[in-house]
1. Given the options B:Ser43, B:Ser75, name the one that is away from chain A (no Cβ under 14 Å) and not hydrophobic (A, V, I, L, M, F, W, C).
2. If a residue has to be within 15 Å of B:Asn230 (Cβ to Cβ) and open to solvent by 40 Å² or more (accessible area, probe 1.4 Å) to count, how many in the stretch B:182-197 make the cut?
3. Considering each residue of the stretch A:109-145, count those that are surrounded by 22 or more Cβ atoms within 10 Å (Cβ to Cβ) and among the charged types (D, E, K, R), and give that number.
4. Would you mind telling me which numbered condition in (1) within 16 Å of the chain's Cα centre (by Cα); (2) away from chain A (no Cβ under 14 Å) B:Glu104 fails?
5. Please list, ordered by first then second residue, the pairs with beta carbon atoms under 8 Å, 6 or more apart or interchain, first in the stretch A:143-172 and more than 12 Å from chain B (Cβ to nearest Cβ), second of a type in the set (Lys, Arg).
6. Do the conditions hold for A:Val95, that is, is it part of a helix (DSSP H, G or I), buried (at least 20 other Cβ atoms within 10 Å of the Cβ) and among the aliphatic types (A, V, I, L, M)?
7. Only residues that are hydrophobic (A, V, I, L, M, F, W, C) and under 19 Å from B:Gly32 (Cα atoms): list them for the stretch B:144-167, please.
8. Please indicate, with yes or no, whether at least one residue in the stretch B:91-101 is more than 13 Å from chain A (Cβ to nearest Cβ), touching a residue at least 12 places away in the same chain (Cβ under 8 Å) and over 18 Å from A:Cys160 (Cβ atoms).
Amino acid sequence: MVSVSKKINVQTIIKGAIVPLIIVFLWQIGTTTGFLPTSIISPPLPAFANFFKLLFNGEFLSHFFNSSKRLFGGFIIGSSIGTLIGLIIGYKKKVAHYFEPLLLILVPVPPLAWIPLLIILFGTGDGVKISLISCGCFATMFLSTSLGVKGIDKRFLDVCKIYKKSDYEIIKKVVLPFSLPIIFSSLRVAMALSWTLLMASEMIKSSSGLGWFINDSRNFSRADDLVAGIMIVGLLGKLTDFAVVKIGKYFTRWQDKRIEND
Amino acid sequence: MTELLNIKVNNKNFHSKNGTIEVLSGINFSVGEGEFVSIIGQSGCGKSTLLRIISGLEKEFEGSISLHRKNNSISFIFQDLGLFPWMTVSQNLEFTNANEAEIETALKNVSLYDKKDSWIKELSGGMKQRLAVARGLINKPKILLMDEPLRELDMITKEKLQAEIKELLKKSNATTLLVTHDIEEAIYFSNRIVVLSEKPAIVKKIFSVNINTDDRYTSSFQNLKAEIKNELI
């Protein structure tokens, strides 16, 4: 069994590496032939060398920490509020009647459209970036959580009624755990959106952060920094997604995968 | 036998886009304290709806459910069991507010103590049914409602579990109402069997079971089965 699973893992890694290797190959040809100007896009080898150099560069690490603070700050605030309100509105029809119409008007507004208002409210520092990411995460988590809760199996609520559980207990012990699979799927989307909004906000107005670093590299024609910066953001994005998936797997380990696959 | 429960449902309708469907009508019978009453009828005749009305889960109906004693605790074993898959076996029992000692006893009674930390997905069909029974009985309810809890089991497991449940119910002394479409199951457990007609369901006939039901292959058991079957068709 172990050897079969190892074989599958190796095969998966090989399959997953084929397309990136082709892209690197085409990239090398593009820069060698001059099709891709090296003043804008560095060839692969210097870019990879710079990628490792940046990982241990103190200045770059400070950009990384600034971005992390904004990313996780916005993600945690927006996701937790969105999930909580989604749980309440999905479960309590009476509350939904009052708040859902307004929220459903606000949710489709693209997060970037909030920037002017957020600048007025929070200035141009970290506040605007964190609040922008929060807005995006809130909308994603609110919508999916409330829809997930509405689909709860009514037999579970019947059991709660038989044992005379309070709304608080029902939300905590039944509605929330029932919704965890959809919450974690949505958290992956929210995390990906957080990276997008972080980059956008740091490129628009900032003096630090990974988005600013990439934009600054473009402005000053540091092609190797530009490509290495993008690669690092991609790698970090993958790592955060991996972390959300792992945490989600732990909290939903009770799920019957046979049913999930069906 | 002291009367514990009087069930009177004059009318219960379901409203849909296609109009109103009358599900129950003219239901009137009583259940004595400690009695086991089965409600049988064809699939979709409204048996489960009747049980939901008795439990208080269904509130919109014409009629009344009268309990002749105060502080009657009701427990319900659902058709699809309603076990929470995100809780372990013992957490499912904890949900009923039972204490640790009660949980231990309940799990030992249904031979699931060694599975107390298992997830529901790790249990077999029979184990899930036994856990649902344990949850139904853990609070020592005065009234136990069971909605076809053994429906999805194979015959051998079903008969084994029926015997186990019968033993547990003897100990608990709970007044029990069982909804089933299995005539043998109804005879095996019951003191009386209420036969419902098709929609709108009315009480067609009430059978008293005055025979030894432990052996299903006696002529008296089989005769009663045939008699009830005739009434159902």
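The values are calculated or read from the model by the stated rules, or taken from the named source; none is laboratory data. As the structure is a prediction and not an experimental result, all values here were calculated from the model. FYI the Cβ positions are ideal-geometry reconstructions off the backbone, even for glycines, and counts take in every protein chain you see. These area figures cover heavy atoms from the full protein model, side chains too; ligands, DNA and RNA do not enter into them. Shrake-Rupley method; radii C 1.70, N 1.55, O 1.52, S 1.80 Å.
1. Exactly one of B:Ser43, B:Ser75 is away from chain A (no Cβ under 14 Å) and not hydrophobic (A, V, I, L, M, F, W, C), namely B:Ser43.
2. 0
3. 1
4. (1)
5. These pairs meet every condition: A:Asp167/A:Lys92.
6. no
7. Within the stretch B:144-167, B:Leu144, B:Leu145, B:Met146 meet the criteria.
8. no
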